[in-house]
Protein chains: 2
Amino acid sequence: MDVTDNKGETAFHYAVQGDNSQVLQLLGKNASAGLNQVNNQGLTPLHLACQLGKPEMVRVLLLCNARCNIMGPGGYPIHSAMKFSQKGCAEMIVSMDSSQIHSKDPRYGASPLHWAKNAEMARMLLKRGCDVNSTSSAGNTALHVAVMRNRFDCVMVLLTYGANADARGEHGNTPLHLAMSKDNVEMIKALIVFGAEVDAPNDFGETPTFIASKISKQLQDLMHISRARKPAFILSSTRDEKRTHDHLLCLDGGGVKGLVIIQLLIAIEKASGVAAKDLFDWVAGTSTGGILALAILHSKSMAYMRGVYFRMKDEVFRGSRPYESGPLEEFLKREFGEHTKMTDVKKPKVMLTGTLSDRQPAELHLFRNYDAPESVREPRFSQNINLRPPTLPADQLVWRAARSSGAAPTYFRPNGRFLDGGLLANNPTLDAMTEIHEYNQDLIRKGQGNKVKKLSIVVSLGTGRSPQVPVTCVDVFRPSNPWELAKTVFGAKELGKMVVDCCTDPDGRAVDRARAWCEMVGIQYFRLNPQLGTDIMLDEVSDTVLVNALWETEVYIYEHREEFQKLIQLLLSP
Amino acid sequence: MDVTDNKGETAFHYAVQGDNSQVLQLLGKNASAGLNQVNNQGLTPLHLACQLGKPEMVRVLLLCNARCNIMGPGGYPIHSAMKFSQKGCAEMIVSMDSSQIHSKDPRYGASPLHWAKNAEMARMLLKRGCDVNSTSSAGNTALHVAVMRNRFDCVMVLLTYGANADARGEHGNTPLHLAMSKDNVEMIKALIVFGAEVDAPNDFGETPTFIASKISKQLQDLMHISRARKPAFILSSTRDEKRTHDHLLCLDGGGVKGLVIIQLLIAIEKASGVAAKDLFDWVAGTSTGGILALAILHSKSMAYMRGVYFRMKDEVFRGSRPYESGPLEEFLKREFGEHTKMTDVKKPKVMLTGTLSDRQPAELHLFRNYDAPESVREPRFSQNINLRPPTLPADQLVWRAARSSGAAPTYFRPNGRFLDGGLLANNPTLDAMTEIHEYNQDLIRKGQGNKVKKLSIVVSLGTGRSPQVPVTCVDVFRPSNPWELAKTVFGAKELGKMVVDCCTDPDGRAVDRARAWCEMVGIQYFRLNPQLGTDIMLDEVSDTVLVNALWETEVYIYEHREEFQKLIQLLLSP
């Protein structure tokens, strides 16, 4: 059994190349050196099975105690599996010997993740818990390698799983240093958007900006943008509990475009040095904005949420509309817990908008983490039909609240009697201000007027503005011939879109009204909403499109840096 | 030719009863007493032609100079035509001898209108300019007669053409006195809704209320309602030009349900003794509310507008949706003039909402009778597509503004690039307050801060609330069998209705937001919107349904009389 042929191969090598794993099983019954023998190419049977993509052979070999730590021409068997993108084989090795996920090849000291050639392979390892930031002997991370190999899809997966965009590798280069020479603007944007510093020097004292200036004017311009994100002043990083006025944060709906809000919040947190949770006393959100409001409440970092959104979209927006709600619900339960109640965390006060659609006209419902203010007003309808009262905050599951606020019609099926909050308040600012006023009035009525804090700042964040486009036909009429019929069908479609867009437009009048209201009362009002170059759907899944939206967000922050600074100053003043 | 047969009929009588008008023409060539001869029943040939409904015979007889003032058994020929509801004949007489429309029959001294047996006959005379309030010898108006004859449709036509609901007829009875004995609640409601006094005594000292109390408890209760409309105090009827604060009136959209707004305004004007034009400094309206805002601006009385709405609906909502816009446009031109510009009348300041739908997202446009405040804000879209700027107020035709604000999709075809203002602001309050704030800010920027007047009162009038109904299915999903397909089609329809209703609901959150805003700023906010018993469509044409809505409005005013009194007091305080 230890006999080798002229290629240095044993019976095990042959069995692996054959079709029948039972042969291999029989061979492996007795311990034999041939099991781990390398052939003339330096491959053990296990290497060979990985290279050929035979997970069943891998399984049998491992059951026969084949060794995983024999060096082949490129590394251990796991590295072979990665090199040849044999997902099944790599998965088999990791599942049978979990330590292999961290095993570094002797030549480069690289982990399997360094060897990942595509998004799928990288994702498989990351989902199984490999260290995204492990370094090779030269000091490079998998992100360095993916950038050097110009693998945009790998770069995105690594970034969304938390790869450090500023890791210093060989010669002190960050991934951004390495990206400069690749002439891949998308990749450079992705790195900057995920927080890469443009002014970090390498061992030769060169910054990415400096390298860019040697390459092209365009790259040089790109580098400018991220400058606005720098902390403007030195800040106390603790929240002033003695704040005399309240701050309100409002987050629009918009599906995966919630990434724009995340990017804005990251910039605000970075510039202020304070977490959003401590900058605001009230957080209101609709749909995706509601999920982010809950993320703030539950102390999840926005950088983490950015990764979550990029990863989640591929799971949630799979197939066609309406999407299965299972993956979305699983995700919400995973992030917020299956049994967590709204009142489990009490600060800041959070409200999510939902549309109670078991009645006509539908009504706004707020999911709160505090008790609803009691109203002294007469009920809206004199003869009220028999409707079930909404769940109390103390009994309301967090994940259900998030799901109910984010049930965009035709994207997802409704959650029980709730439709997406965006139908009534895609921009929740007016309703949040109404709620806070009613909350304070209720305190006064209860003799607790001393607890009333007036609003001093309202920050309203949007999920990006689509470009304005001309519309030619919203005419719907009785057709008298086929050509007119076609026109009226087209008109009806345009009209339908227009009606929906009118009622869910979070910009436009919603913003004008909120601004006027705030100005009348003497509240500082800030609306931040980047203009996007293209119309991005709620269920966009293209990384390139989304990275570009985040890039445009960075450009917007740069262009509005003065307003931004004023906002930060006000948020931090006592 | 003057020969009569044993029935006392001449050749003319025979010719009229025949089929050929040429025979009559030949007979009439020479003057002859037979032309005006009465037969044994007391009928001239002209009477006979009217009775038989032969307009062509009438025409020929009149061309032969047949006399219109020969008394028949019931009156003159015109009265015969009315008695037998021969519209063509009556029309022919009036068109050939316009004085006949006023001719009173010798027996009762009644005008043709008194003789009208149905709505069509009455409408025909009223359109040709007969006096709606002319009295018979006994002192009764046509309305008295219609009530006595229990002709609800006639009553409605007379009231909508301005018949005095309080005219004192025989024995000092008003139509309401007479209605009591008819056990026709609809008619009693109609009279009260059109302003009949329940406490006016007849010659025997009996009031309608007194009579009602003798008949039934139900009638007695009905009588209570109209008491709330009485002036509460003695008032100066001139507007205080020195008012230090501004008052804003906001009028919702809702098609023919604008009648509810009219009824509310009539009550406000009656209780305050001041015309709406002088009570308010700003008037904002959407769609039907926009038309009424213009009516206020152009000093049209609300009682007049009530009649106009009742008359107009039958002309405008004819056929099926979308309706021809011709009649609506003709009506607007007739009421406001074909060439009147928005700035022709400057006080109060008026704004109508419209939806600029030549772009996506659509934008709110305000049709103003003053110059738009200049904005210092950055344009909403960075790369603006090439869009035609809206018409300036000084060039904007009033009728077009009304038409543009009131282009409810699927009811009417859009007017050029405008869709109904209700799409963005079916309740215009928030946008009116935004506009006034921006107007004042603009004054301050221009150094005219002394002209700024703060808002002190906002009155928001609705077109009636539909009852809340439960909704079972808004689920839209991919069907897998015919039963599911049916469910999803139903769901899609419900969903579409819900989306439209959500975005155009003038009550609910729109009101909560406006109230909170006003309370925060210290503005007195009044929302008046009666709960209706049924869901009334924008294009309802049934008089009974609409009278009932107005009745419910009266009940609402009665139930809210304290709030109402407070409003009046505040409106009149300097």
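The values are calculated or read from the model by the stated rules, or taken from the named source; none is laboratory data. Note that this is a predicted model, so its numbers are computed, not measured. Positions of Cβ are backbone-derived with ideal geometry, glycine not excepted, and every protein chain shown enters the neighbour counts. When the accessible area is computed, the model is the full protein with side chains, heavy atoms only, and any ligands, DNA or RNA have been set aside. Shrake-Rupley method; radii C 1.70, N 1.55, O 1.52, S 1.80 Å.
Here are the numbers:
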| read-out | value |
| --- | --- |
| Test: residue B:190 is in contact with an Asp or Glu (Cβ under 9 Å, 6 or more places away or on another chain) and within 23 Å of residue B:261 (Cβ to Cβ) | yes |
| Qualifying residue in the range A:100-107 (condition: closer than 27 Å to residue A:544 by Cβ and assigned to a helix (DSSP H, G or I)) | no |
| Qualifying positions in the range B:530-564 - open to solvent by 30 Å² or more (accessible area, probe 1.4 Å), within 26 Å of the chain's Cα centre (by Cα), more than 12 Å from chain A (Cβ to nearest Cβ) and not β-branched (Val, Ile, Thr) | B:537, B:538, B:540, B:542, B:543, B:548, B:558, B:561 |
| Any chance residue B:324 is free of Cβ contacts under 8 Å to residues at least 60 places away in the same chain, open to solvent by 40 Å² or more (accessible area, probe 1.4 Å) and farther than 27 Å from residue B:558 by Cα | yes |
| Residue check, residue A:56 under 33 Å from the mean Cα position of the chain (by Cα) and either assigned to a helix (DSSP H, G or I) or at pLDDT below 90 (or both) | no |
| Options B:278, B:344, B:358, B:314; residue that is farther than 21 Å from residue B:540 by Cβ and surrounded by fewer than 17 Cβ atoms within 10 Å (Cβ to Cβ) | B:344 |
| The range B:261-285 residues that are of a type in the set (Lys, Arg), paired with ones that are open to solvent by less than 10 Å² (accessible area, probe 1.4 Å) (beta carbon under 8 Å, 6 or more apart) | B:277/B:296; B:277/B:297; B:277/B:348 |
| The range B:512-529, residues that are open to solvent by 10 Å² or more (accessible area, probe 1.4 Å) and either at the interface with chain A (Cβ under 7 Å from one of its Cβ atoms) or at pLDDT below 90 (or both) | B:512, B:513, B:519, B:520, B:521 |
| Residue in the range A:470-490 that is touching a strand residue (DSSP E or B) at 6+ places or on another chain (Cβ under 7 Å), part of a loop (DSSP other than H, G, I, E, B), at pLDDT 75 or above and open to solvent by less than 50 Å² (accessible area, probe 1.4 Å) present | no |
| Residue in the range A:72-85 that is under 25 Å from residue A:132 (Cβ atoms), surrounded by fewer than 22 Cβ atoms within 10 Å (Cβ to Cβ) and either of a type in the set (S, T, N, Q) or at pLDDT below 90 (or both) present | yes |
| Residues of the range A:281-298 that turn out to be over 26 Å from residue A:156 (Cβ atoms) and open to solvent by 10 Å² or more (accessible area, probe 1.4 Å), as a count | 1 |
| Every residue from the range A:334-371 that is in contact with a Pro (Cβ under 9 Å, 6 or more places away or on another chain), among the aliphatic types (A, V, I, L, M) and farther than 18 Å from residue A:291 by Cβ | A:356 |
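Rundown of residues vs (1) in a loop (DSSP other than H, G, I, E, B); (2) acidic (Asp, Glu), yes/no style:
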site: B:113; (1), (2): no, no
site: B:124; (1), (2): no, no
site: B:131; (1), (2): yes, yes
site: B:138; (1), (2): yes, no
site: B:143; (1), (2): no, no
site: B:147; (1), (2): no, no
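Residues are listed down the side, and each one gets a yes or a no for (1) more than 33 Å from the chain's Cα centre (by Cα); (2) facing chain B (nearest Cβ under 10 Å); (3) modelled with pLDDT under 90:
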| site | (1), (2), (3) |
| --- | --- |
| A:363 | no, yes, yes |
| A:397 | no, no, no |
| A:406 | no, no, yes |
| A:412 | no, yes, yes |
| A:421 | no, no, yes |
| A:433 | no, yes, no |
| A:454 | yes, yes, no |
| A:458 | no, no, no |
